[in-house]
1. Hey, can you tell me all the residues within the stretch 75-109 that are over 23 Å from residue 135 (Cα atoms) and over 18 Å from the mean Cα position of the chain (by Cα)?
2. Taking the stated definitions as given, is residue 7 at pLDDT below 50 and out of contact with any helix residue (DSSP H, G or I) (no Cβ under 7 Å at 6 or more places or on another chain)?
Ligand code: 5GP
């Protein structure tokens, strides 16, 4: 302890402050550079969607099918005797967010709908719906196909 500290803090014990490794200091300084200054909006970590929580098994769902690419489970608020949602395990916000690389995945989702429809005994027909964006009535920002069946469905939709 130097003379100044001994005079004003006679009882303080001298604990050397551990130094960060040079690399760590560099990382901290760079992250400080990227911090917004006062008054700017601080970016927030985006929330998991309810479907991502179902994929991660954080909330329960009545799962009827799953494989490496997708998960299918019964809608919590069924609009028909059979109402199943088929979702990709990869997070894609909506049909507006797909690209050419998703062709195989989208084909797979439709084939799985076909398979589940047979599994559910929907020989009389069914409807497959993808709501997209606000005007499309999409409420969960994770691409999903609704499989509706088990009753005669009206057209046009509301
Ligand atoms: P959208 O309106 O986005 O096309 O459809 C979302 C669907 O997800 C709705 O039919 C809604 O009932 C369903 N849903 C919302 N939250 C849950 C949930 O926690 N569990 C299940 N199984 N379905 C949900």
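The values are calculated or read from the model by the stated rules, or taken from the named source; none is laboratory data. All values derive from a computational prediction rather than experimental measurement. Glycine also receives a Cβ, built like all others from the backbone with ideal geometry; neighbour counts cover every protein chain displayed.
1. 81, 82, 100, 101, 103, 104, 107, 108
2. For residue 7, the condition - at pLDDT below 50 and out of contact with any helix residue (DSSP H, G or I) (no Cβ under 7 Å at 6 or more places or on another chain) - is met.
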